[in-house]
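Structure record follows, encoded as structure tokens.
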Amino acid sequence: MHNTTPTGHCVSDTRCRAYNPATRQPADTTSTPLCDACLTAAERDIRALVYDYVDLEQLQAPSLSQAIHMQPTGKAAPPMPLNGAAEALQAEIVHVAVTWETEVRAAANLTDPPTIRRGGPNIQRATTTLTAHLHTLARLPATAVYPTGPNDDPTDVTGWEAVHHLQHLHQRARGMLGRTYRTTHLPGTCSGCGIDELHRDDPRDEGDPCDVYCANCHATWPHDDYRQYVTNLVWPQRTGAAA
């Protein structure tokens, strides 16, 4: 049985971006199954799928040196093999985004999108619609969809589960592209659990949020609050130790 209504706490549970380690509870929420902090993170991740799609395309293109090497004088170059995993992930990104764009458009009484066969324009349009109507998506009840592609069996999926799926696609793309280095391990210990696991995900676009979060208990803070923490606690302690 899928949870289709808010329960009072964010359904992300221990993965909630505003998880309270003191009470061991995810953030409170009343209007959607996902809290504001999780929706903010989801908006950033879904918007990044456009860049992921383009970057995955580059994994399938031969480099210039390969192209020159594969084309000896007077001979036709053999076809370059495609990166099957990258191509499959691209297809899943487009399928999932367009699937839930269609559901959101129906729920919000928006006009049907134009029929376009190319993946790039589809993912651009779908992510724009989804991020603009993210609360609508998160509140959608369980709907029978083909979760990852047209060959799947129809499965009931809620809107908030779709949000998590879209975020997971972004994470998979980052892993495939070798972009995990964009997460920075910061000095200091978490004020909630006391573990040295503070991180920040570098923003892809100017103006993106870059909150600091604990990878252990998932508590989050605005970067300005973390900077003040470093100024007040970390550096004086190091100065004293050096003296």
Long-range share for the stretch 126-166, i.e. C-alpha pairs more than 15 Å apart as a percent of all pairs, stands at 42
Quick calc, ALA88 & ARG24: beta-carbon distance into FRET formula, R0 41 Å, rounding 0.05, result 0.60
Expected unfolding gain across ASP156-ARG227 under the 0.36 nm per residue rule, minus the alpha-carbon gap, is 21.2 nm
Quick calc: nm separation of the 7 Å Cα→Cβ label points for ARG200 and THR184 -> 0.5
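Values in this text are rule-based calculations from the coordinates and carry no lab data. What you see is a predicted model; the values in this text were computed from it and never measured. Every residue, glycine among them, receives a Cβ derived from its backbone with ideal geometry; neighbour counts consider all protein chains shown.
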